[in-house]
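Data block below; observations after.
The values are calculated or read from the model by the stated rules, or taken from the named source; none is laboratory data. All of these numbers come straight from a predicted model, not from anything done at the bench. Backbone-built Cβ (ideal geometry, glycine too); neighbour counts: all protein chains shown. For the accessible areas, the whole protein counts, side chains as well, though only heavy atoms, and no ligand, DNA or RNA atoms are used. Shrake-Rupley method; radii C 1.70, N 1.55, O 1.52, S 1.80 Å.
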Amino acid sequence: MQEAIVKGLALGLLLAISVGPVIFSIIKQSINNGHKGGLSFIFGVASSDITLVLISNVFTELFNRLLKFERIIGMGGSVLLIIIGVYFLFFKKIKLADDGISPHHHLKTSDYVKIYFAGYFMNTLNPGVIAFWFTWATAFAAMPIDDRLVLFATCLGVVFAADLLKVFLAGKLRSRLTAKVIHRINQLSGFILIVFGILLIAGLIFYRK
């Protein structure tokens, strides 16, 4: 059991420090929409991770079949990243509060639901995330079920705690940023999402088993 916890911690730290489109989106959502927006997004990401972990461990054969459609799923996710990136790079506007500095948002419940599903699908449609969970589920397939539960629960807990920290730190910065700086951050985030999307498409096109 102790070994499972240690492996879960190591795996969680590996995923938490990995650089991908999700980490930039967490920061962007937190800056644009405050803690609630950031939390909605990471809850979506966490739900996606839990879904992929369950599928890769419990429904191994189904997960293998899904991997046969990796290119289709990956293309869809990549196009989604590029569309979101284009929106934030060229079309996202910052509304000012009465002080003329802080962005002003009045999000409804439906807005938080949209942010939640944005996090869920951005993570789920990322072929790198799919491959990550499948690889490690396969690597630990021989472990007793109880140890695997502890390992992946520990891993998911570490990743979620790291995402919470990102939301908190981004929220702290939000009150100190001007609208112009936040607009530049949005543009940078959009550019990064476009780059990730293009690289994923290139990888899927030129990838050979």
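The table for this structure:
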{"read-out": "Added length on full extension, which subtracts the Cα-Cα distance from 0.36 nm per residue, Gln2 to Lys114", "value": "36.4 nm"}
{"read-out": "P(r), alpha carbons of the stretch 106-167 - 5 Å bins starting at zero, rounded %", "value": "4, 14, 14, 22, 19, 13, 8, 4, 2, 1"}
{"read-out": "Rough spin-label spacing in nm, given labels placed 7 Å along Cα→Cβ, for Lys172 and Ile205", "value": "4.3 nm"}
{"read-out": "The stretch 1-49 - percent of accessible surface contributed by carbon and sulfur, probe 1.4 Å", "value": "73 percent"}
{"read-out": "Calculated Rg and Dmax of the stretch 1-45 using C-alpha coordinates, Å", "value": "13.6, 41"}
{"read-out": "Label-point separation, Ile145 to Ala161 (7 Å along Cα→Cβ), nm", "value": "2.8 nm"}
